[in-house]
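Chemist: Have a look at this one before I ask anything.
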Amino acid sequence: MTLTAAVEQDGIEIRPVEKANWDAFEAYFSSIGRLNSCWCMAWRMTREELKTNTGECRKAFIKQRVWDGIPIGLLAFADGQAIAWCSVAPRESHQRLYGDETKDRVWSLTCFYISRAYRGKGLVHRLIRQAKAYAKQNGAAYLEAYPVDPDSPSYRFMGFVKTFEQEGFEFIKDAGTRRHVMIFRLDGENGKETAEMI
């Protein structure tokens, strides 16, 4: 399940992570301390995987998902180098998100990381829009996110509520004391713009 082509604008190209560009994903995560310990497995770990919850094991777990053809997210590139990450994948490939269980065909957007030199340039919005297109192209009816308020002391990597409001997401409910479940309908009225991006 992949996009038919990368999306490029202003010299920045966004591609799904797959076997062909695993090396770029591995190099990017290995170069950043917080990513090198997490490997974006926080919301993916099964009970069995939690028994061996180390950085090296997390890396092996996420790699196995890529090798099994399970989507994990998008990488942004500039001049051939990875510069940003967005975790977006089917919700069933995650654990303990506590989203809107009344809906089916849901993809989850759970994490952003943007290299310092590219922050404040609107890249997070471009990643969200491409996540919409990626999820819709692969059969999703909804894209769900779990952002926090700007003063939240944790989960800030999941994005901020205002950003998702600007992208047309609607508040559904709270998940715990900090995360807010927000959803974007990909096959309805607020999904028209998404269809135009594919």
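Chemist: How many residues does region 17-76 hold that are among the hydroxyl-bearing types (S, T, Y) and over 25 Å from V124 (Cα atoms)?
Modeler: Result for region 17-76: 3.
Chemist: List every residue pair whose Cβ atoms sit under 6 Å apart, with the two residues 6 or more apart in sequence or on different chains, where the first one lies in region 24-38 and is touching a residue at least 40 places away in the same chain (Cβ under 8 Å) and the second, anywhere, is exposed (fewer than 13 other Cβ atoms within 10 Å of the Cβ) and assigned to a helix (DSSP H, G or I).
Modeler: Short answer, once both residue conditions are applied: none.
Chemist: Moving on. Got a number for residues in region 108-127 being under 22 Å from I183 (Cβ atoms) and surrounded by fewer than 17 Cβ atoms within 10 Å (Cβ to Cβ)?
Modeler: Result for region 108-127: 1.
Chemist: E165 passes all but one of (1) within 17 Å of the chain's Cα centre (by Cα); (2) within 21 Å of G73 (Cβ to Cβ); which number fails?
Modeler: Going through the list (1) within 17 Å of the chain's Cα centre (by Cα); (2) within 21 Å of G73 (Cβ to Cβ), E165 breaks only (2).
Chemist: A further question follows. Which residues, taken from region 72-88, are within 16 Å of K19 (Cβ to Cβ) and in contact with a Ser or Thr (Cβ under 6 Å, 6 or more places away or on another chain)?
Modeler: G73, the sole residue that qualifies.
Chemist: Test A84 against the stated conditions and say whether it is more than 12 Å from I14 (Cα to Cα) and of a type in the set (A, V, I, L, M).
Modeler: Criteria not met by A84.
Chemist: Looking only at residues that are surrounded by 15 or more Cβ atoms within 10 Å (Cβ to Cβ) and among the aromatic types (F, W, Y) in region 37-72, which one is farthest from T110 (Cα to Cα)?
Modeler: Among those residues, the one meeting the criterion is F61.
Chemist: Here's something else I'd like to know. Let me spell it out: the conditions are (1) surrounded by fewer than 20 Cβ atoms within 10 Å (Cβ to Cβ); (2) among the polar types (S, T, N, Q); (3) in contact (Cβ under 8 Å) with a residue 40 or more places away in the chain, and Q130 meets all of them except one. Which number is the exception?
Modeler: Of (1) surrounded by fewer than 20 Cβ atoms within 10 Å (Cβ to Cβ); (2) among the polar types (S, T, N, Q); (3) in contact (Cβ under 8 Å) with a residue 40 or more places away in the chain, only one is false for Q130: (1).
Values quoted throughout were computed directly from the atomic coordinates according to the rules given, and no laboratory measurement underlies them. Keep in mind that what you see is a predicted model, and the values were worked out from it rather than measured. All Cβ positions, even for glycine, are placed from backbone atoms using ideal geometry, and neighbour counts span all protein chains on display.
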